[in-house]
Amino acid sequence: MDTSHHLLLLLMFLHYAIGSNSSCVKILPDSSSNIVLEVGKNFTATCHLLEGSVYTSDDIEWRLENISIAKQFYRKINETAVSVTVNVSSDMSGLLRCRAAKESLSYAPQCIYGIFLRTGYPPLKPKNLSCLALQEGKDISSYLNCSWDPGSRSPLLDTNYTLTVNVYVLASDLTYKAECNQHLARYCVVNLETFQIHMLFRVWVEVKNALGSERSDELQKYSAYFVKPNPPLNVRVLTEVNISTSLMVTWKHPVHETVLKLSYAIRYCKVASDVWVEVPESFTEAYMESFRLQSLEPYTQYVVQMRCIGESHSSHWSNWSASVTGHTERFSYCLRLQAPVKTNGKILKYYLNISQDYVMFESHTITDKPRLMYSMELPPGKTASIELAAVNSVGASPKATLFIPRSDQELPGVGDMRWSVRDEKPEPELQVEWTAVPSRPAGLHLFHYLLEWVKIPQNVHQTELQAGWQRVSCNVTNTTLNGDLEKFKRYNISVYPIYKYHVRHTLQTHFLAGRPVTRPAYIQQGPPEKGPTVTVTKSKKNSAALTWEEIPLDRQRGFITDYTIFYEIRNTKQWKSVTVSPNVHSYALTDLASETDYVVNIMASTVAGSEKGMDCTFKTMKYGDGEVEVIVVVVCLSFLFLTVFIIMLCLWKREVIKKLLWPQVPDPSDSSIAHWSPDFPIKADVPKEDVSVVEVDVFDGKSLSEEDKAVLPLKKDKYLSEEHSSGIGGSSCMSSPHHSVSDIDSGDSGQTTASTVQYSSVVAGAYKGQTPSHQPPAFARSESTQPLLDCEEHPDHLSESGGQSRSSYFRRGRELELGVLGQECDGASLTFCPVQEETSPVAEDPPALCYMQQQSGYLPQ
């Protein structure tokens, strides 16, 4: 449906639904939105007449869009309700209406109510889920592209596809999701933020619509499985000098092996040809950067392409690289000349003639000692004819002719060839057997077979080959070589079929050699002269990688059948062994003990015996790969957590630590003694002192003379008035019931605190016989955290102990003995100096008070 049609249906639906309050009918089920139905299932709706309606159930009609539904699908429930049941089809989406009307009731308006239906299918299960991540630069893209088969049936409804990727990283899961809202989605892309290499991926797709949901099978693979790398870089094709049938292909890895280790595929074809030859994957599955193409045609241009794939767990090949062209070298033939068996005298020289396509190309006269080797090049597509004649003092021998066909016209060889050794005679003999040529080219006749044996050079510096030939009839398929073959030396035995060909226009007969079949052979084998030398390339905690070189060919003395690796823990004599095939030259020992010395050697064997190589000693490591890193990380993390814990503990207990390291000491500078006397302000430069005040009851008249007692009331009244007017008032002993002189009569109660004791007194001093001066009394006050002494808290005990106890009243632990005159006072202390008592009761003098400060003091008058 187009947009205008949807809009019209929506308006109609709103008209009928919103107007339902004034309508006389109602449909169940009812919904303010679409009612979704599954195609193929039955749907039942019921139309109810509301209370007060003038219509009956016989007046109800059902319509889908503008089409009336047949009465056969109706079911009358009662006089006010009629249901309709229909089988849902894909074209039933639209407005389902219930209408109540009757012609005889023309005065009553018709009643209409409608619901909007949407039909569709539940989603199908997604199948064939596959994902790939493309290479971007030197890294892998963080976007994972996934595709699947949603099924051929469209759900016809709005369907939500959710692609979920779960990455298992360090014992935890990272989950990434992407949603694609389509009726029939086939692919979706999820952003992984960073592509996690060497991690396990779990991928699945969930599809959901109004009729149900499905989930695909889970795709669980390592991350390398999803990577599609770029093609190999810098692909080059190099021509190999003096090798006309091969090309060297080199390239660079498109991504580092730590990210993705790759294996490669190579294909090639001739220029202007569309027939590709692909190198078997087993030849290029290693992590390499070069490969030699062999068995090519000489002097021919080839096109080479490459692609790569993850070496393990991968499923996506890269695209083929751009085509690179290279050509092979010209074909070079090596001619070996051999003197005639019957020379009939001394050979003086040889005549050598070479023709290409029946045209003389070059001619040589070889004198003195004949050269056994002669090299020549033959361009592709050309034939060559070689003629050789030996000359003695009498004349020239008949010519020996060799015809070389074009390189693309290789003649067939024998079917198969094998050899065996016969030991019946005193000296062993080498017997060769082959299968006849399966098919012969037209125009060619099998003339005979040529057997050739060539002693393999013992080293690269040897240029002279030791070879021999032997001809046998074309009807023979086995023979014994009659050459003088050396024991324990390897020979290459070849069988050539020789074809006879007549050239009509020249009336010449040419002999053509078919493709040879070659096998290595020994006439007699023996044990190797020396064993292989083993090298430990890498030692780990429980394994060691061994490599060894192949025994030189001249010292093998036979075909190597296998290698046996012997190893033991040093000096235990408990040897273990492992046997590997002769083409293996490396091996990894496993299940070794850690941090242990081992001895290893390798024995090479032939059918005739074995020989061990030299011992090699190695030591396994104490820790495996990654263990040291794990230990370092654990120690560092533990130290970090311990440091953080200590810091947090110090912050949490900082007040306790502060009190332990720096205990709180009262600050003397905070004393308020300087502010006790309101009539005598203290100078700003006078330092605060920690002053203790001793109270002396000068109004106690027990030890006073009559003259002093006379002035005692006057002094007391004056002092009391001065004290009360000073503002000090009340008791200064805030933690004790002890009263000062100033509050004996007033009866003020003492003030108490938890930690501070205040001392206050009106201090006056006079000598016997002196009249009290009119100078106001001095006020002394102090605050201290030190508790009161027992004598301060209980002054009544002092009166019971007599005058001597009163004279011994002291503060801060300094006791003044009776009869000791205070000659001088310390800077911040107070003491009192009693006068020696006489026997006469009137001879007593009042005690003298000494009060001094650190910088300035006052002496008694």
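State log₁₀ I(q)/I(0) for region 486-632 at q = 0.10, 0.14, 0.18, 0.20 Å⁻¹ as given by the Debye formula over alpha-carbon point scatterers of equal weight, solvent excluded. Values returned for q = 0.10, 0.14, 0.18, 0.20 Å⁻¹ are -0.52, -0.76, -1.01, -1.13.
Spin-label model, HIS448 to VAL628: label points 7 Å out along the Cα-to-beta-carbon direction sit 7.2 nm apart.
Note on region 229-327: Kirkwood radius taken over Cα pairs, Stokes-Einstein applied at 37 °C and 0.692 mPa s, translational D equal to 238 µm² s⁻¹. For region 267-274, the Karplus equation 6.51 cos²θ - 1.76 cosθ + 1.60, evaluated at θ = phi - 60°, returns couplings of 9, 8, 7, 6, 4, 6, 10, 10 Hz by residue, with Gly and Pro reported as x.
Work out how much length ASP484 to VAL394 would gain on full extension: take 0.36 nm times their residue separation and subtract the Cα-Cα distance, in nm to one decimal. Value of the extension gain: 29.3 nm.
Between amide H atoms placed 1.01 Å from N, distances below 5 Å from THR606 occur with THR561, all of them 5 or more places distant or on a separate chain.
For the listed peptides 353-364, 603-614, a ranking on the average number of other beta carbons within 10 Å per residue, highest first, reads 603-614, 353-364. Legend: P(r) of region 534-619 from all alpha carbon pair distances, 10 Å bins from 0, whole percents, reading 17, 51, 25, 7. Mind giving me the nanometre distance, one decimal, between the label points for LYS573 and THR537, set 7 Å out from Cα along Cα→Cβ? About 3.5 nm separates the two model spin labels. FRET efficiency for the pair SER172 and ALA436, taken as 1/(1 + (r/R0)^6) with r the Cβ-Cβ distance and R0 = 45 Å, rounds to 0.05.
Which residues in region 280-299 have a backbone N closer than 15 Å to a point placed 7 Å from the Cα of THR250 along the Cα-to-Cβ line? The answer is 288-293.
Explain nothing, just the number: dipole magnitude of region 229-327 about its Cα centre with +1 on each Lys and Arg Cβ and -1 on each Asp and Glu Cβ, in debye rounded to the nearest 20.
I would put it at about 200 debye.
From the convex hull of the Cα coordinates of region 46-95, what is the mean projected area in square nanometres?
Mean orientational projected area (region 46-95, Cα hull): 3.8 nm².
Could you tell me which residue out of ILE140, LEU163, ASN191 lies farthest along the dipole of region 127-227 toward its positive end? Charges go on the beta carbon: Lys and Arg +1, Asp and Glu -1, centred on the Cα centre. Value computed over the given set: LEU163.
Taken one residue at a time, the phi angles of region 120-136 give Karplus couplings (6.51, -1.76, 1.60, θ = phi - 60°) of x, 10, x, x, 8, 6, x, 10, 6, 6, 9, 9, 8, 10, 7, 7, 10 Hz. Gly and Pro are set to x.
Counting other C-beta atoms within 10 Å, and keeping those with at most 11, which DSSP coil trypsin sites (Lys or Arg not before Pro) do you find in region 473-566? Each step should come with its number before you reach the end.
Working: sites: LYS487, LYS489, ARG490, LYS500, ARG504, LYS530, LYS538, LYS540, LYS541, ARG555, ARG557; in loops: LYS487, LYS489, ARG490, ARG504, LYS530, LYS540, LYS541, ARG557.
Passing sites in region 473-566 are ARG504.
For region 20-120, averaging the sequence separation of C-alpha pairs within contact (under 8 Å, six or more residues apart) and dividing by the residue count gives a relative contact order of 37 percent.
Placing dummy labels 7 Å off each Cα toward the beta-carbon, the span from ILE77 to LEU553 is 10.0 nm. Shown here for region 37-97: trypsin sites (Lys or Arg not before Pro) in loop regions (DSSP other than H, G, I, E, B) with at most 14 other Cβ atoms within 10 Å, namely LYS41. For region 229-327, the carbon plus sulfur part of the accessible surface works out to 48%, probe radius 1.4 Å. Note on region 127-227: Cα Rg divided by 2.2 N^0.38 Å, N the number of residues, gives 1.11.
Residues whose amide H falls under 5 Å from that of LEU262, counting only those 5 or more places apart or on a different chain, are GLU311, with hydrogens built in the peptide plane. Across q = 0.10, 0.19 Å⁻¹, region 94-184 modelled as identical point scatterers on its alpha-carbon atoms has Debye log10 I(q)/I(0) values of -0.53, -1.02, in the order of the q list.
Each 5 Å bin, from zero up to the one with the longest distance, holds this percent of the alpha carbon pairs of region 175-291: 2, 8, 13, 15, 13, 10, 9, 9, 8, 6, 3, 2, 1, 0, 0. Once the chain from GLN301 to ARG654 is taken as fully extended at 0.36 nm per residue, the excess over their C-alpha distance is 118.5 nm. Solvent exposure of region 94-227 amounts to 51 Å² per residue of accessible area, where only protein heavy atoms count and the probe is 1.4 Å. A Förster radius of 60 Å, combined with the Cβ-Cβ distance separating SER594 from GLN470, puts the computed FRET efficiency at roughly 0.45. Heavy atoms of the protein chains alone define the surface here; on that basis region 28-75 has 60 Å² accessible area per residue at 1.4 Å probe size. Relative to the globular-protein estimate of 2.2 N^0.38 Å, the Cα radius of gyration of region 20-120 stands at 1.05. With K and R counted +1 and D and E -1, the other residues having a Cβ less than 14 Å from that of SER104 yield a net charge of -2. What the pair-distance distribution of region 582-650 shows, using all Cα-Cα distances binned every 10 Å from zero, is 14, 25, 21, 15, 11, 8, 5, 2, 0 percent.
Each residue of region 573-581 was assigned a 3J(HN,Hα) from its phi angle through the Karplus curve 6.51 cos²θ - 1.76 cosθ + 1.60 (θ = phi - 60°); the sequence is 6, 10, 7, 10, 9, 9, 10, 10, 6 Hz, with glycine and proline shown as x.
With a Förster radius of 45 Å, plug the Cβ-Cβ distance of SER130 and SER610 into 1/(1 + (r/R0)^6) and report the FRET value to the nearest 0.05.
Efficiency computed from Cβ-Cβ geometry: 0.30.
Proximity of backbone amide H atoms, modeled 1.01 Å from N, is registered between THR596 and THR620 at under 5 Å, excluding neighbours fewer than 5 places apart on the same chain.
For region 480-554 versus region 147-226, the inter-centroid distance based on Cα atoms is 58 Å. Based on protein heavy atoms only, region 478-578 ends up with 52 Å² per residue of surface accessible to a 1.4 Å probe.
The values are calculated or read from the model by the stated rules, or taken from the named source; none is laboratory data. What you are looking at is a predicted structure, and each value in this text was computed from that prediction instead of being measured. Note that each Cβ is placed from the backbone with ideal geometry, even for glycine, and that neighbours are counted across all protein chains shown. Just so you know, the surface numbers come from the protein's heavy atoms only, side chains and all, with ligands and any DNA or RNA stripped out. Shrake-Rupley method; radii C 1.70, N 1.55, O 1.52, S 1.80 Å.
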